[in-house]
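One structure is given here, and the rest of the page talks about it.
The values are calculated or read from the model by the stated rules, or taken from the named source; none is laboratory data. Bear in mind the structure is a predicted one, so any value in this text is a computation, not a measurement. Methodologically, a virtual Cβ is constructed for each residue, glycine included, from the backbone with ideal geometry; neighbour enumeration extends over all protein chains shown. Ligands, DNA and RNA are excluded from the accessible area calculation, which covers all protein heavy atoms including side chains. Shrake-Rupley method; radii C 1.70, N 1.55, O 1.52, S 1.80 Å.
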Amino acid sequence: MIDATCKSQLLTKLREQISCGSDLPSESRRIIPTRLAALDRVLPRKGLRAGSLIECLAEQSGFGALGFLLQLTMRVCQRAGVMVVVDRRQEFYPAALPAAGLPYRRVVIVRVSNEADELWAADQALRCRGVRSVWVQRERLRPHDFRRLSLAAEIGGGVGMLLRPLKVRGQPSWADVQFCIQPRPSAGTGRRMQLEVTRCRGGQAGQSWELEVDDVTGVVREVDPHEEIRVFASAGVADSTVAGRAARAARPAASCLSSPSTAG
Amino acid sequence: MSLPEASAVLKRGLREAAVTELHNPAVDLAALARLAERCEQFSPMVGWQSMTPRVAKTLTADWGHEEPDHLFINITGVAHLFGGEEALAQRMVNAFRTWGLSIRLVLTESLGSAWALSETNDATTIIATGELEERLHDLPTWTLRLPSDTVAVLAHLGVKTIGQLRLISRQGLAERFGPLILLRLDQALSLAAEAIVPHRPAPNFAAEYQLEVVTERRDVIEWVLDQLLERLASALHLRALGAARLSVRLDCVDSEPVQFEVGLFRPTCLPSHMRKLLHLQCERHLWSGPVERIALSVSQTAALDDRQSEFFADEDQELNQPLTLLFETLSCRLGEKAVLRPVREPDAAPERAVRYEPLVGGQAAGVALRKQRATAVVSASSNSAVSDRPMRLLLKPERVDVMALAPDGPPASFHWQNQRYVVTRHWGPERIETGWWRGNTVRRDYYRVETDAELRYWLFRELRSQRWYLHGQYD
């Protein structure tokens, strides 16, 4: 018969042994809370770890995934330091950054022309102690290169944010956290999206929520997916497009693998 | 006027006493140089009318810049050696009198104001700190060293003094007359730096090594570069200068010489720092034949304690060093134009509202930081719609086929890249027009649209052609 104290001691010892075996990162790194209660609850030690990678999987562009990453980056860049964007497509437009709170003098844009240079630049930037956050949009990433980036992040102490397509879900990942983001019908100017934590090192994966990111105020909040149906049902609006959207919102917001519907 | 006319004007008595000599600008310049040398007893930094070469080209026709007639002496930190500024001024006037010249002397904070006041004041003037603005207030605009056509236009608009000029908004001035007018105003008021070009040219930092035995081996060449670097570093250190750009030339036997440059984010005279970058850059180049001579020179120098080129001036100093190394390493491999910092431009057209400046490049680094402060002041009052900008902007706006319900109304659906998007919501229009005097005008009505797939795009209708384009995505 094992009593309570013995049990807890045993658990602690087992945890230590497991953490030795699985290269869980060292305890000494700073934790950055995301200030999104639901997410912080799920993450080990209640926040993002400095010196780690975050993988954000999104299929298309245009529904606000970068806006969400920007809000996370603002949390990460609270301390002095620089944000580096490695831009291969030459599409990144920094005009929205100062309004979010990041002045231009803390932003560096690195324009590369091929994937090899993109990887090298991201590696160098992550290694630098003065860099707080690195953004890279990358489709293919070999495990060897992924590991290299995660080691670079460990050395530099910044947070690397990798934006990748949905299809790499299931492939090996060296990121501390992997999210899957999908668009959701929005009301007002805020952007709604479905966030699912598909991997979380040391924490629980599988949770998903619907978030609303407001670009103007920078607030990220959790919303009730059924909220919208109640609103439309009570107003009794008969317009076809609105009814179509309400019907979509009613579909259970469960699996992330279902592709978003195209025409209404 | 010509000589016969002049002598006709002079009264009889003066005509005999008048002395005529042929005008020889070269002789004048030589005399001015000798005078500058003599002035070195007051301060080591003496030069004459200093202009950056680019500006000088446009202004030469106006005042004959090849014939300077002002001497600028930098007396920062020197006045106390002569017993104060008044004593120094008196000494200068006496010295010139012994050389047979009478001078107009102005002691002030900036070159621009010195020029302006010396042109308008006869007596020796000493301006205390803080008095500058009121002394310059009533001076005519031409004393700011502006081109004569600018001065004429300003006079036509009723602006005759510097005080009146300052009342006009800076943005308006910049749009109408270009950046020169603001530069001159800032230079006069000591808000922008202006350097005296010393009449003695700065020493040339260059070293070369002739190999007795030609070689293709990389390690030998790198060793030679290290030796040359040590030599240059000690020369730089003696003069408290830092290298901002290095250039290397490898002369090969029977083939084209290999040349490359290394730009530095911060001027440095530490050989270890420069060695790393040189080796990195060296690895990227191949030479086709054996190398017989290696030459290393510093193509751009800057003062070592130049605080302006620090990335973080006040906050975290300790982050500066790793960041400097990162920018230099990235620029070395990817090119200086690949590592950029955005700078806000006071331009309404979205593609021009952000300018990208290279971080590494000697002068550019320091200037970038300064210019940024200036433009930040200009656009502080600009519209709040800047927060409505997308995160992705296409390099060139792409043409889309749009169906709108009203000819001037918002889009109802659009076709882009062989796909049809139905618009469910829209925000706008936001009209963006740039001034006709800028040349390339932009007149667009921008709409933020949300499609039925919950994607948001930034479309605009070009007002002249009534065509629709897609400019960005709100990601």
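Just to be sure I understand, how many residues within the range A:53-87 are of a type outside the set (A, V, I, L, M, F, W, C), within 11 Å of chain B (Cβ to nearest Cβ) and outside any strand (DSSP E or B)? Show your work before the answer.
Residues of the range A:53-87 of a type outside the set (A, V, I, L, M, F, W, C): A:55, A:59-62, A:64, A:67, A:71, A:73, A:75, A:78-79, A:81, A:87.
Still in the running and within 11 Å of chain B (Cβ to nearest Cβ): A:59-62, A:64, A:67, A:79, A:81, A:87.
Filter once more, keeping what is outside any strand (DSSP E or B): A:59-62, A:64, A:67, A:79, A:81.
The total comes to 8.
Checking residue B:443 against (1) open to solvent by 20 Å² or more (accessible area, probe 1.4 Å); (2) at pLDDT 90 or above, which test does it fail?
Against the list (1) open to solvent by 20 Å² or more (accessible area, probe 1.4 Å); (2) at pLDDT 90 or above, residue B:443 comes up short only on (2).
Name every residue in the range A:120-165 that is in a helix (DSSP H, G or I), at the interface with another protein chain (Cβ under 10 Å from one of its Cβ atoms) and surrounded by fewer than 24 Cβ atoms within 10 Å (Cβ to Cβ), in order of residue number.
Once the filter is applied, which keeps residues that are in a helix (DSSP H, G or I), at the interface with another protein chain (Cβ under 10 Å from one of its Cβ atoms) and surrounded by fewer than 24 Cβ atoms within 10 Å (Cβ to Cβ), the range A:120-165 yields A:120, A:124, A:127.
Filter the range B:404-417 down to the residues that are open to solvent by 40 Å² or more (accessible area, probe 1.4 Å) and either within 30 Å of the chain's Cα centre (by Cα) or modelled with pLDDT of 90 or more (or both) and list them by number.
B:415
How many residues does the range B:224-244 hold that are open to solvent by 40 Å² or more (accessible area, probe 1.4 Å) and either modelled with pLDDT of 90 or more or not hydrophobic (A, V, I, L, M, F, W, C) (or both)?
Number of matching residues: 6.
Farther than 19 Å from residue B:356 by Cα and at pLDDT below 95 - does that describe any residue in the range A:88-98? Write out each step before concluding.
Applying the first criterion (farther than 19 Å from residue B:356 by Cα) to the range A:88-98 yields none.
There is no residue in the range A:88-98 that is farther than 19 Å from residue B:356 by Cα and at pLDDT below 95.
May I ask you to list the residues in the range A:33-48 that are over 12 Å from residue A:72 (Cα atoms) and among the basic types (Lys, Arg)?
Correct list: A:41, A:45, A:46.
Does residue B:468 satisfy the condition of being surrounded by fewer than 16 Cβ atoms within 10 Å (Cβ to Cβ) and within 22 Å of residue A:95 (Cβ to Cβ)?
Details: surrounded by fewer than 16 Cβ atoms within 10 Å (Cβ to Cβ): no; within 22 Å of residue A:95 (Cβ to Cβ): yes.
No: the conditions fail for residue B:468.
For the subset of the range B:60-92 comprising residues that are open to solvent by less than 30 Å² (accessible area, probe 1.4 Å) and over 29 Å from the mean Cα position of the chain (by Cα), which member is modelled with the lowest pLDDT?
Out of the qualifying residues, it is B:79.
Condition first: surrounded by 15 or more Cβ atoms within 10 Å (Cβ to Cβ), more than 19 Å from residue B:232 (Cβ to Cβ), modelled with pLDDT under 80 and among the hydrophobic types (A, V, I, L, M, F, W, C). Now tell me which residues in the range B:270-326 satisfy that.
B:311, B:312, B:319
What pairs come up if the first residue lies in the range A:167-195 and is away from chain B (no Cβ under 11 Å) and open to solvent by 10 Å² or more (accessible area, probe 1.4 Å), the second is in a helix (DSSP H, G or I) and of a type in the set (A, V, I, L, M, F, W, C), and their beta carbons are under 8 Å apart, counting only those six or more places apart or on different chains?
Within 8 Å, the pairs are A:172/A:146; A:173/A:146; A:174/A:146; A:174/A:149.
For the range A:246-254, indicate whether the set of residues that are surrounded by 13 or more Cβ atoms within 10 Å (Cβ to Cβ) and either modelled with pLDDT of 85 or more or among the aromatic types (Phe, Trp, Tyr) (or both) is non-empty.
No - not one qualifying residue is present in the range A:246-254.
Here are the criteria: (1) open to solvent by less than 50 Å² (accessible area, probe 1.4 Å); (2) modelled with pLDDT of 85 or more. Tell me which single one residue A:80 does not satisfy.
Tallying (1) open to solvent by less than 50 Å² (accessible area, probe 1.4 Å); (2) modelled with pLDDT of 85 or more, residue A:80 fails exactly one: (2).
Identify all residues within the range B:446-462 that are open to solvent by 10 Å² or more (accessible area, probe 1.4 Å) and touching a residue at least 60 places away in the same chain (Cβ under 8 Å); write none if there are none.
Once the filter is applied, which keeps residues that are open to solvent by 10 Å² or more (accessible area, probe 1.4 Å) and touching a residue at least 60 places away in the same chain (Cβ under 8 Å), the range B:446-462 yields only B:448.
Hey, does the range B:208-231 have a residue that's in contact (Cβ under 8 Å) with a residue 12 or more places away in the chain, within 18 Å of residue B:300 (Cα to Cα) and outside any helix (DSSP H, G or I)?
Yes, that holds for at least one residue.
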